Structures are given as structure tokens and as C-alpha cells.
There are 2 protein chains.
Amino acid sequence: MDEITEITEHKLNIIKGVFMDFLNANGHKRTTERMAILEEIYSFDEHFDVLELHHHLRRKNYKVSMATIYNNIKLYEEAGLILKHRFGKGMAQYEKCYFNRDHHHIILTDTGEVKEFRDPRIQDIKNWIEKTYDIKVDRQSLYFYGRRCEKQKNTPRDE
Amino acid sequence: MDEITEITEHKLNIIKGVFMDFLNANGHKRTTERMAILEEIYSFDEHFDVLELHHHLRRKNYKVSMATIYNNIKLYEEAGLILKHRFGKGMAQYEKCYFNRDHHHIILTDTGEVKEFRDPRIQDIKNWIEKTYDIKVDRQSLYFYGRRCEKQKNTPRDE
DNA sequence: ATAACTGCAAATCATTTGCAGATCT
DNA sequence: AGATCTGCAAATGATTTGCAGTTAT
């Protein structure tokens with residue numbers, strides 16, 4: 001939906017606070033790299049992968065190794081600050097998510113473009129699932145793959 | 001939904017027919033391995049990975065290499081006969097899909113159990129997306145991750 | 001006949017890990 | 001001080017690919 005979730009100084013501080021609480025609560029240390037990577041992640045408006053993240057950081061003259069990025073990205077995930085996607089081939093994609101939850105994705109397979117949308121019916125379905133199966137849904141990942149109108153694939157129906 | 005899609009001899013023949021048409025249409029050859037792997041895939045009622053597939057085949061004394069499985073599995077996918085999933089870590093999971101389309105998944109993260117469900121609202125959403133973005137949605141992948149009711153994670157709301 | 005296939009082994013790609021030296025608390 | 005980091009380089013795991021011999025059309 002390209003409704004840009006602008007990260008103000010104030011919001012960034014909330015994020016950092018959440019993360020530092022998480023670090024404390026789990027016996028992790030607060031390091032410069034850790035905070036720098038987190039801040040960089042929240043400066044992305046789009047999805048990104050570890051390589052892009054690495055490039056952005058180098059461009060700003062932070063010298064952070066890929067190992068460190070990979071190691072820390074798991075923490076942000078655990079802390080509920082980023083979401084990991086595996087759209088298709090290649091590297092995983094990530095996105096910040098603290099102020100941007102409950103949205104879903106449309107991937108245009110021809111161009112690689114990723115759109116976001118929200119739909120209240122998804123919430124309804126989630127509620128229905130929780131009730132019907134007596135479970136707590138704590139994560140969902142919904143992707144629609146498509147492309148700009150023209151031809152279409154053969155799709156046999158349910159029998 | 002555990003509504004088992006039993007594959008009768010008749011259905012299997014339809015599948016094989018579809019696949020052979022696909023092979024012809026694309027200049028691929030019909031080999032014993034290719035047909036054996038396909039048949040084995042359609043004997044699974046659940047999701048499977050390439051290793052399980054390999055084991056099943058060996059147990060039946062088909063000696064097929066992993067390379068061949070990997071190479072061919074792409075064809076079944078292209079032919080619209082299987083779906084590939086990347087639930088979490090590790091290997092990709094696959095499932096037959098010719099007689100079992102338009103269903104979605106609930107993954108119980110504690111037990112690893114996978115449930116299937118259908119919901120007409122998903123179709124509505126798909127239609128809405130196609131109209132709104134002027135695209136053709138040709139694939140969708142919807143997963144809800146949850147676990148049997150008890151505690152729940154802290155989930156900050158949209159701002 | 002010949003283009004496509006199988007299977008092995010080697011290659012690749014993304015991600016993880018072991019370890020030595022540096023850094024937080 | 002002592003546990004936890006970082007970063008390098010080496011290890012891993014899943015999947016792909018090159019190639020020589022084999023098979024389908």
C-alpha cells in the first residue's frame with residue numbers, strides 16, 4: 001500500500017528501548033554494531049536482504065561483518081522487530097515491523113515488485129481459525145503472486 | 001482439513017496424462033524415473049521433502065539419484081502438479097496439488113503439525129486484489145502459524 | 001542420429017559456526 | 001574478571017551444475 005511508515009526520532013527511540021529491554025531480559029549485551037544495524041534496518045522503507053543491509057552500513061562507514069549481521073538479525077526477529085520472508089529463490093528478505101503489522105504481500109513475479117495491502121477479512125479468518133482449531137495464531141504470512149494482466153496459466157480446478 | 005484426497009488408478013492416469021502432455025509440449029522426454037517419481041509423489045498424503053521422496057523410492061527398489069529428483073521436481077512444479085513450500089528452516093516441502101487446489105495452511109509451531117483449510121473469503125480477497133491492482137493472481141501462499149492455546153507472545157499493535 | 005536424460009562428483013549459494021582477540025557489564 | 005561479542009575463515013546444508021555415459025524419439 002506504499003503507506004510509508006516514516007520513522008521519526010521518537011519512534012526510533014521506542015524501538016531501541018524495546019530492543020534494549022529484550023537484550024537485558026535475555027542476557028545479551030548492547031554493542032555498537034547491534035544498535036547500528038537495528039537503526040539501519042529501521043531506515044529502510046522497503047524490504048531488504050542482508051547484502052543490501054551490509055552495503056548500506058558500509059556506505060555509512062560502519063564496518064560490520066556479514067557474520068555479525070546474520071547473528072544479530074536473529075535477535076531482531078526474536079525481539080519481534082523484523083519479519084523474515086522467503087519470497088522465492090535466493091536470500092531471505094526482511095522488513096521492519098514494529099509499527100507496521102498485520103499487512104500482507106502481493107508479489108509481481110514479472111517485475112519482482114512487492115506491494116502491501118491490508119484486509120479486515122484476514123483478521124476474521126484468523127479469528128475463525130483460532131476458534132475452530134482452538135489455537136492461538138501468533139504469526140501469519142500471506143502472499144499473492146501475480147503479474148500485470150495478460151496471459152494466464154492453465155489451472156485445473158478442484159475435481 | 002485432513003480431507004484425504006485419495007488417488008485412485010483413474011486419477012493417477014489423468015495426472016500422468018497431464019504430465020505427458022506437458023512433457024511433449026516442452027520437448028522433454030518421458031523417462032522411467034520421471035514417471036516413477038511422479039507416481040510416488042502422488043502416493044503421499046502429506047507434505048514431503050526430497051529426502052523422504054528418495055527414501056520411499058529406494059524402499060521400492062527404484063534407484064533414483066538426488067540430482068534426478070531435484071531436476072525433475074522443477075518440472076512437476078512447472079506442470080502445476082506439485083506445490084513447493086518453505087515453511088521454515090531446512091529443506092523445502094512439497095505436496096501434490098492437482099486434485100487439491102485452493103487450500104491454505106495452519107502450521108502448529110510447537111508440534112510441527114500442518115493443517116489445511118479452505119475459506120471462500122480468500123477467493124474474494126483474491127478477486128479484490130486482481131480488480132484493484134489490475135493484475136492476474138496465479139499463485140497464493142497463505143500460512144497461519146500458531147500453537148495450542150496457552151501463553152502468547154507480546155505483540156505490539158499498529159501504532 | 002541426436003537431443004535430452006541420469007547419476008556421480010564437484011560447484012555454488014545462503015547461512016552457520018569455531019575460535020582468537022576485543023568489548024561490554 | 002568474566003561472559004558475551006565481532007570478524008575472519010572454514011564448515012555446513014540445500015540445491016545446482018558439468019560432464020561422460022545412457023536412453024527416448
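The values are calculated or read from the model by the stated rules, or taken from the named source; none is laboratory data. This one's a predicted model, so the numbers in the text were calculated from it and none came from an experiment. With ideal geometry, Cβ positions are generated from the backbone for all residues, glycine too; neighbour counts draw on all protein chains shown.
Inspect region A:106-114 for any residue being at pLDDT below 90 and of a type in the set (S, T, N, Q) and give the result as yes or no. Taking every residue of region A:106-114 in turn, at least one turns out to be at pLDDT below 90 and of a type in the set (S, T, N, Q). The single condition from (1) out of contact with any helix residue (DSSP H, G or I) (no Cβ under 8 Å at 6 or more places or on another chain); (2) in a loop (DSSP other than H, G, I, E, B); (3) of a type outside the set (Phe, Trp, Tyr); (4) buried (at least 16 other Cβ atoms within 10 Å of the Cβ) that A:Val64 fails is (1).
Does A:Glu33 count as within 14 Å of DNA strand D (Cβ to nearest atom), free of Cβ contacts under 8 Å to residues at least 40 places away in the same chain and crowded, with 17+ Cβ neighbours inside 10 Å? So A:Glu33 does not fit the description; no. If the condition is being buried (at least 18 other Cβ atoms within 10 Å of the Cβ) and either acidic (Asp, Glu) or outside any loop (DSSP other than H, G, I, E, B) (or both), then region B:67-82 contributes B:Ile69, B:Asn72, B:Ile73, B:Leu75, B:Tyr76, B:Ile82. Among the candidates A:Lys126, A:Lys136, single out the residue that is assigned to a strand (DSSP E or B) and within 9 Å of another protein chain (Cβ to nearest Cβ). Going through A:Lys126, A:Lys136 in turn, just one is assigned to a strand (DSSP E or B) and within 9 Å of another protein chain (Cβ to nearest Cβ): A:Lys136.
The set of residues in region B:87-117 that are among the basic types (Lys, Arg) and facing chain A (nearest Cβ under 9 Å) comprises B:Arg101, B:Lys115. Scanning region B:91-123 for residues that are among the acidic types (Asp, Glu) and either over 26 Å from B:Asn13 (Cβ atoms) or part of a helix (DSSP H, G or I) (or both) yields a total of 3. Would you be able to tell me the number of residues in region A:62-92 that are within 12 Å of DNA strand D (Cβ to nearest atom) and closer than 18 Å to A:Leu142 by Cβ? The qualifying residues number 2.
Return yes or no: is B:Phe22 under 30 Å from A:Leu142 (Cα atoms), within 16 Å of DNA strand D (Cβ to nearest atom), more than 13 Å from the chain's Cα centre (by Cα) and not β-branched (Val, Ile, Thr)? The answer is yes for B:Phe22. Of the residues examined, A:Gly88 is not one that is surrounded by 11 or more Cβ atoms within 10 Å (Cβ to Cβ), within 30 Å of B:Ile129 (Cβ to Cβ) and touching a Pro at 6+ places or on another chain (Cβ under 9 Å). Answer with yes or no whether B:Thr111 is touching a helix residue (DSSP H, G or I) at 6+ places or on another chain (Cβ under 8 Å), β-branched (Val, Ile, Thr), surrounded by fewer than 18 Cβ atoms within 10 Å (Cβ to Cβ) and more than 23 Å from A:His85 (Cβ to Cβ). Here the answer is no, as B:Thr111 does not meet what is asked.
If you check A:Gly88 against the conditions, is it under 22 Å from B:Phe144 (Cβ atoms) and part of a loop (DSSP other than H, G, I, E, B)? For A:Gly88, the condition - under 22 Å from B:Phe144 (Cβ atoms) and part of a loop (DSSP other than H, G, I, E, B) - is met.
Of the residues examined, B:Arg59 is not one that is modelled with pLDDT under 95, within 16 Å of DNA strand C (Cβ to nearest atom), of a type in the set (Lys, Arg) and surrounded by 15 or more Cβ atoms within 10 Å (Cβ to Cβ).
Could you go through region B:42-61 and let me know if any residue there is in a loop (DSSP other than H, G, I, E, B), away from DNA strand D (no atom under 11 Å from the Cβ) and farther than 17 Å from B:Glu95 by Cβ. So far as region B:42-61 goes, yes, one or more of its residues are in a loop (DSSP other than H, G, I, E, B), away from DNA strand D (no atom under 11 Å from the Cβ) and farther than 17 Å from B:Glu95 by Cβ. When region A:65-86 is limited to residues that are modelled with pLDDT of 95 or more, farther than 23 Å from A:Asp21 by Cβ and in contact with a His (Cβ under 9 Å, 6 or more places away or on another chain), the one that is nearest to the other protein chains (Cβ to nearest Cβ) turns out to be A:Met66.
A count restricted to region B:13-30 and to residues that are free of Cβ contacts under 8 Å to residues at least 60 places away in the same chain and part of a helix (DSSP H, G or I) stands at 9.
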